[in-house]
Amino acid sequence: MSQANGKHGHVIDYRHVIHSLRRKPMALLNLVYRDQLFPRRDYALAFDALLAGVGEKQACRTMVGLLALAHERACEAELAVVIATELGAGRLPDLKALTERFKPSTAAIPVVVVTLPSLAIYDEITAFRGEAA
């Protein structure tokens, strides 16, 4: 992405770096491409609010957690709406509450019951093997 001054900007997808950021969340603070990393404006606003409200260390941990949540639960847009609502109400995003809110539904996981046949059935199948031909 080229800018008017001839410099090239960064095009970054947070999904490509989230695993590295989870290991070192404080790296988010001084990333050259941090502003381009956030998938939506609400995430950038949340990071600014977190920095002002809870300090650098906790802000980085929470923001990386929010990005990881958006990626792992495929809820980037929905999470942005909730973040905007929280910020609009004067509250900081609560990672623990949001993780609970966007956790997978246990009802969506089906119960699978496998009934194994008796081994004797295989003797019956092999007895008929030659008759079909």
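The values are calculated or read from the model by the stated rules, or taken from the named source; none is laboratory data. Because the structure is predicted, anything quoted here is derived from the model rather than measured. Virtual Cβ from ideal backbone geometry, glycine too; neighbours counted across all protein chains shown.
General remarks:
- One residue alone among ALA52, ALA70, ALA74 is exposed (fewer than 13 other Cβ atoms within 10 Å of the Cβ), within 12 Å of the chain's Cα centre (by Cα) and of a type in the set (Gly, Ala, Ser), and that residue is ALA74.
- Residue match in segment 27-41 (condition: in contact with a Cys (Cβ under 8 Å, 6 or more places away or on another chain) and either closer than 21 Å to ALA84 by Cβ or modelled with pLDDT of 90 or more (or both)): yes
- Answer residue from segment 55-65, given it is small (Gly, Ala, Ser) and closer than 19 Å to ALA80 by Cα and is nearest to the chain's Cα centre (by Cα) among those: GLY65
- Counted residues, segment 71-96 - those being among the hydrophobic types (A, V, I, L, M, F, W, C), over 22 Å from HIS16 (Cα atoms) and part of a loop (DSSP other than H, G, I, E, B): 2
- Filter result (surrounded by fewer than 10 Cβ atoms within 10 Å (Cβ to Cβ) and either in a helix (DSSP H, G or I) or modelled with pLDDT of 90 or more (or both)) within segment 97-111: GLU100, THR106, ALA107, ALA108
- Look at segment 31-60: where a residue is part of a helix (DSSP H, G or I) and a partner is aromatic (Phe, Trp, Tyr), sitting 6+ places away or on another chain with Cβ atoms under 6 Å, you get LEU37/TYR14; ALA44/PHE38.
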